[in-house]
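One structure below.
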Amino acid sequence: MKYKKSNYNIIVEKLENGDILLFNSLSGAFGVLEDNNVDFYEKINILDTDNIDESKKSLVEIMIENGFLIDCEFDEFALLEVQEKIARYSSSKLKNLTIAPTLACNMECKYCFENHENCHGMSEEIKQSLLKFVDSQLCEKGTEHLNVTWFGGEPLLELDTIKFLSNKFIKICNDKNIKYTAGIITNGILLNTETCNSLVNDCKVNSAQITIDGLGDIHNSRRKLKNGEDSFSIIIKNIDDIKDKINLAIRVNVDKNNDKEVDTLIDYFIFNKNWGNDDNISIYLAPIEKTTDECIIKDSKCLNSEEFLDVLIRIYQKLYNAGYKSAFEKMYPKTLVTGCSALTIGSYVIDEIGDIYTCWGAIGIKKYSIGNIAEKLNLNSSWLKWLSLNKPDKCGICKFLPMCKGSCAFKRLENKDKFSCSYSKFSYKEILKYIYMFNYN
């Protein structure tokens with residue numbers, strides 16, 4: 001049988017001893033190609049397995065098994081395209097709901113992409129319409145698992161609404177033998193022990209994302225509480241009180257106003273709080289980007305991909321020096337079927353007045369609404385733009401395609417599909433290098 005090298009083989013690094021770290025972005029396989037096999041691998045064009053040296057047979061078998069070598073007739077790009085189309089279009093069953101019970105917030109972060117004016121929370125009428133929408137979707141579509149993410153604004157300003165709707169959703173799912181899970185994205189101010197217990201026990205919320213942008217004054221100046229209180233201290237105490245009760249993702253938003261302070265913050269997480277070794281806590285960095293007109297940060301204050309990668313490399317080194325192997329295992333590059341659920345049917349974002357969107361970043365922007373829960377969903381012009389959005393042509397030849405799938409769909413829509421690589425593309429190799437060092441050094 002004849003084989004060729006996968007288009008998605010990535011040489012992560014050539015080591016001093018001549019070995020090569022090799023990763024396949026389609027299969028997710030990662031291994032060390034020893035120096036004495038590098039020349040054999042590099043010379044492969046078409047490999048006939050009936051005519052190879054006996055000493056290389058074991059190597060070839062391993063490379064075939066892990067997707068580094070594939071059948072000469074196999075088209076990997078076609079596989080990715082078909083898998084994505086099946087995921088995007090083959091089923092209209094409800095899978096994911098992101099619900100903002102209010103777009104109001106108790107903070108006033110300068111870089112926020114949302115408009116928080118004239119937000120009053122969900123009316124009773126909207127709540128009942130939402131329940132009817134969910135019930136009808138689940139009746140018609142044959143859903144096996146429904147996941148709900150509570151979003152905002154600050155969703156915990158409407159805790160009673162979350163509890164009311166969660167109770168109804170759980171009953172609907174139980175009655176239809178559907179698995180139900182939930183998470184929440186919150187600034188953490190109101191996520192005290194009592195609220196956490198209620199979310200976990202009554203609402204089946206098993207994960208929460210909280211943002212911390214720096215120590216004390218840095219965080220407080222970027223993520224200001226409207227009442228002027230010290231938000232940093234409140235959030236840190238809440239995390240300490242609840243970290244054994246719920247899975248936590250701590251997000252650090254980074255731009256040129258705080259990029260030099262991130263190291264100190266990570267040191268605090270690692271050495272003061274010992275959160276890096278906590279199985280319930282993951283920490284990740286994200287670059288601030290001006291995605292909507294509501295975000296008043298200037299583009300000149302945002303980091304480009306290379307600048308953000310420099311920050312990541314510094315932090316990765318800290319995590320490695322501290323011995324936090326699990327932090328890198330959580331970041332292991334994953335193959336995606338679709339780049340974003342916003343491009344699929346069956347994943348919806350719903351705001352406090354019942355308007356439906358496909359993307360969190362578009363919430364509250366009327367031109368991106370695809371309908372309202374009180375009406376039947378139709379393929380309007382906005383929804384068609386999302387569902388018909390294809391990857392830029394340049395992505396077709398990229399070795400990172402299986403893990404990226406064209407980067408952020410919202411940014412591509414806003415920029416008329418202008419080609420723009422995600423920062424994550426530039427971090428994959430660094431993560432894999434550290435995983436290698438943990439396992440072989």
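The table that follows gives values for the structure above.
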item: Selection within the range 402-430 - at pLDDT below 85, more than 14 Å from the chain's Cα centre (by Cα) and outside any loop (DSSP other than H, G, I, E, B); result: Lys411, Arg412, Leu413, Glu414, Phe426
item: Which listed residue, of Tyr268, Tyr316, Tyr320, is aromatic (Phe, Trp, Tyr), in contact with an Asp or Glu (Cβ under 6 Å, 6 or more places away or on another chain) and either assigned to a helix (DSSP H, G or I) or surrounded by fewer than 19 Cβ atoms within 10 Å (Cβ to Cβ) (or both); result: Tyr316
item: Test for Leu225: is it in contact (Cβ under 8 Å) with a residue 40 or more places away in the chain and more than 21 Å from Thr195 (Cα to Cα); result: no
item: Residue count for the range 198-225, restricted to those that are out of contact with any strand residue (DSSP E or B) (no Cβ under 9 Å at 6 or more places or on another chain) and outside any helix (DSSP H, G or I); result: 1
item: Residues of the range 292-304 satisfying the condition of being surrounded by fewer than 16 Cβ atoms within 10 Å (Cβ to Cβ) and within 21 Å of the chain's Cα centre (by Cα); result: Asn304
item: Tally of residues being surrounded by 16 or more Cβ atoms within 10 Å (Cβ to Cβ) and either of a type in the set (A, V, I, L, M, F, W, C) or farther than 20 Å from Thr338 by Cα (or both) across the range 375-386; result: 3
item: Index of the failed condition, Gly228 passing every other in (1) surrounded by fewer than 21 Cβ atoms within 10 Å (Cβ to Cβ); (2) outside any strand (DSSP E or B); (3) under 21 Å from the mean Cα position of the chain (by Cα); result: (3)
item: Residue check for Ile52: out of contact with any strand residue (DSSP E or B) (no Cβ under 8 Å at 6 or more places or on another chain) and in the same structural domain as Cys398 (by TED's automatic domain parsing); result: no
item: Failed item, numbered, when Lys93 is tested on (1) at positive phi; (2) in the same structural domain as Trp383 (by TED's automatic domain parsing); (3) of a type outside the set (A, V, I, L, M); result: (1)
item: Selection count, the range 271-291, where residues are of a type in the set (Lys, Arg) and either surrounded by fewer than 14 Cβ atoms within 10 Å (Cβ to Cβ) or farther than 30 Å from Ile365 by Cα (or both); result: 1
item: Those residues of the range 365-380 which are assigned to a helix (DSSP H, G or I) and of a type in the set (Ser, Thr, Tyr), in sequence order; result: Tyr368
item: Flag for Lys176 being basic (Lys, Arg) and without any contact (Cβ under 8 Å) to a residue 40 or more places away in the chain; result: yes
item: Only one of Leu97, Leu79 that is over 13 Å from Tyr3 (Cβ atoms), hydrophobic (A, V, I, L, M, F, W, C) and outside any helix (DSSP H, G or I); result: Leu97
item: Test: Lys245 is over 16 Å from the mean Cα position of the chain (by Cα), at pLDDT 95 or above, outside any helix (DSSP H, G or I) and surrounded by fewer than 19 Cβ atoms within 10 Å (Cβ to Cβ); result: yes
item: Selection count where residues are of a type in the set (Val, Ile, Thr) and in contact with a His (Cβ under 6 Å, 6 or more places away or on another chain), scope the range 62-106; result: 0
item: Meets criteria (assigned to a helix (DSSP H, G or I), without any contact (Cβ under 8 Å) to a residue 12 or more places away in the chain, more than 26 Å from Leu285 (Cα to Cα) and assigned by TED's automatic domain parsing to the domain that holds Ser347) for Gln137; result: no
item: Every residue from the range 77-101 that is farther than 22 Å from Tyr180 by Cα and either surrounded by 20 or more Cβ atoms within 10 Å (Cβ to Cβ) or under 19 Å from the mean Cα position of the chain (by Cα) (or both); result: Leu80, Glu84
item: Selected residue (criterion: modelled with the lowest pLDDT) from residues of the range 118-133 that are farther than 14 Å from Phe164 by Cα and among the hydrophobic types (A, V, I, L, M, F, W, C); result: Cys119
item: Unique match (being loosely packed, with under 14 Cβ neighbours inside 10 Å, of a type in the set (D, E, K, R) and in a helix (DSSP H, G or I)) among Lys127, Lys171; result: Lys171
item: Filter result for the condition that a residue is closer than 30 Å to Ser326 by Cα, assigned by TED's automatic domain parsing to the domain that holds Gln317, surrounded by fewer than 13 Cβ atoms within 10 Å (Cβ to Cβ) and out of contact with any strand residue (DSSP E or B) (no Cβ under 7 Å at 6 or more places or on another chain), over Met403, Met437; result: Met437
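The values are calculated or read from the model by the stated rules, or taken from the named source; none is laboratory data. None of the values given here were measured: they were computed from a predicted structure. Note: ideal-geometry Cβ built from the backbone for every residue, glycine included; neighbour counts use all protein chains shown.
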